[in-house]
């Protein structure tokens, strides 16, 4: 699983969403507010998403096998991608469908429990705020000096960005619902309730699209960060060994494959080459601990070949980093 911080954020979000979902369904039954129904479905979808993330983390810990020699680390990316689909279909599209139906036949908040949706929404905002705070604190442990947009776009651990966006979406959705329900109670016009529901749907669709795009990139295979690539290159060259070209690939959030061609002297013996490779691998693992799979290919040091290969590889590697 993600580190303990990721698990803590997921569990906090799951506990909050399950509790809030029950309260929202009660409020919908008592008032027939479409905003409350959309928010209840939103919370159910979020709860299912957090369960999917927990399942993905557990499956990713399976040992490598002959059929999957590099392990199952990318299971976390697969389940995060499924989360985006669930959020889009169950959460976003349902809310838009409900909003359309309510716009065709608007009605006010019904029954004597007009105050229930307001109480539930305010309580849900408080609960979601605690969940969001937990996700922010846990993300800060690995975010470093990155901005939040950069963190969501470049994080190799999918759980925290997913929880951050879900919690942010939940808070904004609750605000939309609160405005829609409040204006419906004040004016008696159910159009406001429908508009609040529609805003919730559009918000969830937008978040789902962002998650799908970013997780798709992880599924396709991303290189190490620019900083880690530099550390690996420096580690290889620490004893004077020259890097001809270097490629990296995330096999999972905490597992990196490193493949490099390194230059050797024409007079180096097999023993010298093996010792140089072993030493370089040790330095790489010290510099970047998640570099678990390392392949170093020796090649004769040819100045023209080095210049040509290095120039060809520099631009793609920079783009991946």
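Before rounding to the nearest 500, sum -39500 (n - 2.57) across all DSSP H runs of length at least 4 in the chain and divide by the residue total; then give [θ] at 222 nm in deg cm²/dmol.
Rounded to the nearest 500, the figure is -23500 deg cm²/dmol.
With a 10 Å Cβ neighbour count serving as the proxy for reagent exposure, in which order, fewest first, do 248, 154 appear?
154, 248
Take residue 19 and residue 122, extend 7 Å from each Cα along the Cα→Cβ direction, and tell me the distance between the two endpoints in nm.
1.7
Cut-off is 10 Å between beta-carbons; in what order do 68, 42 appear when sorted fewest neighbours first?
Going from least to most buried by this count: 68, 42.
Using Cα atoms only, what is the angle between the long axis of helix 34-60 and the major principal axis of the chain, expressed in degrees (0 to 90) to the nearest 10?
30
Stokes-Einstein diffusion coefficient for the stretch 124-194 at 4 °C in a medium of 1.567 mPa s, Rh from the Kirkwood formula over Cα pairs: what value in µm²/s?
Roughly 94 µm²/s, to the nearest whole number.
Roughly what angle does helix 75-86 make with the longest principal axis of the chain, taking Cα atoms, 0 to 90 degrees, to the nearest 10?
So the helix axis and the longest Cα principal axis differ by about 30 degrees.
Computed from the coordinates I sent, Cα extents along the principal axes in Å equals one of [x] 91, 36, 33; [y] 53, 43, 38; [z] 58, 57, 43. Tell me the label.
[x]
Rg/Rh for the stretch 101-232 to two decimals, with Rh computed the Kirkwood way over all alpha-carbon pairs.
1.13
Working from Cα positions, state the angle (0 to 90°, nearest 10) between the long axis of helix 270-287 and the longest principal axis of the chain.
Its long axis makes an angle of about 30 degrees.
Report the relative contact order of the stretch 99-233, percent, no decimals, based on alpha-carbon pairs under 8 angstrom and at least 6 residues apart.
Values: 103 pairs, mean separation 48.9, N = 135.
36 percent.
Applying a 10 Å radius around every beta-carbon, put 278-285, 75-82 in order of their mean neighbour count, most first.
75-82, 278-285
Order of 58, 156, 231 from fewest to most other C-beta atoms within 10 Å? List each step's numbers first, then the result.
Details: 58 13, 156 22, 231 18.
Fewest to most other Cβ atoms nearby, the residues stand as 58, 231, 156.
Return the inverse of the average 1/r over all pairs of distinct C-alpha atoms in the stretch 43-138, which is the Kirkwood hydrodynamic radius, in Å to one decimal. Don't jump to the answer; show the numbers that get you there.
Values: mean 1/r = 0.0595 Å⁻¹.
One over the average 1/r among Cα pairs gives 16.8 Å for the stretch 43-138.
Every read-out reported here was derived from the displayed coordinates using simple, explicitly stated rules and does not represent laboratory data. The model shown is predicted, which means the values in this text are computed figures rather than measured ones. Positions of Cβ are generated from backbone atoms using ideal geometry, with glycine treated the same way; all protein chains shown enter the neighbour counts.
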